[in-house]
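The values are calculated or read from the model by the stated rules, or taken from the named source; none is laboratory data. Just so it is clear, the structure is predicted and the values come from calculations on it, not from any experiment. Don't worry about glycine lacking a Cβ; one is built from the backbone with ideal geometry, like all the others, and counts go over all protein chains shown.
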Amino acid sequence: MQMTHRAALGLALLLAATTANALTATELVAKNIEARGGGAALQSVKSLRREGRLIVNGGQYVLELRETKQRPGSIRTEISLQGLSQVQAYDGKEGWRIDPFGGRKDPERMPADDVKEYAEDATIDGVLADAVAAGSSIEYLGTEDIDGTPAHKLKVVRKDGGLQYVYLDPDYFLEIRVESQRVVRGVKRTSVTDYGNYEKSAACSGRSRSSPASRARATLPSSSTSRRS
């Protein structure tokens, strides 16, 4: 009887592993959007504010980061260190920055490569939902250990050549890490952002109790830690 129980347990574990490995990129994207509240709830969120830390050069510098996004495609970030703040903004067409760390205290236009990067970062719906809408290529690469979590790894190739790796929690299918690779002025730039402390956010559109949008809730990350190289 004991051997039978052990055999049954082994079979159950094998079936569970097989089921996890059988997931496709399409199914994982759908689970991610559902976990974030569904497409309608995400679309009802008109603006998003996020705060976190930006870790540079392996922890040599830790900067405070504040980011605000607003539909249809604008973003503003503020990075502060020792009383100085770098401000970068994109309004959906043009990008501007104030960079006291580089000795530039007056607003100036962003270079085209930086504008492209900010256009990608301006999405509120998340990397995967945005990739589906843009017709980007999405490939499932199996699981990879992320700080002890066997995360689902998805590769996103954008039409403009941008490359991102998205890591989903195996239980909740929410992003726990996004790695972005871009070529900026001929140099490969990699940024890694870890997400956590997800919270449900009530939909912003409509006050009527009879409106489905007024009852929708989107699940959004309230904190993140970024590293760039």
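Of the residues in region 98-106, none is closer than 15 Å to D121 by Cβ and either part of a strand (DSSP E or B) or not polar (S, T, N, Q) (or both). The number of residues in region 48-79 being basic (K, R), buried (at least 18 other Cβ atoms within 10 Å of the Cβ) and touching a residue at least 24 places away in the same chain (Cβ under 8 Å) comes to 1. Under the condition of being surrounded by fewer than 17 Cβ atoms within 10 Å (Cβ to Cβ) and either more than 20 Å from R182 (Cα to Cα) or small (G, A, S) (or both), the residues counted in region 99-118 number 10. Just one residue in the set G126, G73 is small (G, A, S) and touching a Ser or Thr at 6+ places or on another chain (Cβ under 9 Å); that residue is G73.
I146 falls short on exactly one of the conditions (1) at pLDDT 90 or above; (2) out of contact with any Lys or Arg (no Cβ under 6 Å at 6 or more places or on another chain), and that condition is (2).
Screening region 179-188 for residues that are free of Cβ contacts under 8 Å to residues at least 60 places away in the same chain and under 23 Å from L54 (Cβ atoms) and picking the one that is surrounded by the fewest Cβ atoms within 10 Å (Cβ to Cβ) gives V187.
Apart from one condition, V132 fits all of (1) in contact (Cβ under 8 Å) with a residue 40 or more places away in the chain; (2) within 19 Å of T24 (Cα to Cα); (3) outside any helix (DSSP H, G or I); the exception is (3). Restricting the search to region 140-178, which residues are among the charged types (D, E, K, R) and either in a loop (DSSP other than H, G, I, E, B) or without any contact (Cβ under 8 Å) to a residue 60 or more places away in the chain (or both)? Passing the criteria: E144, D145, D147, K153, K155, R158, K159, D160, D169, D171, R177.
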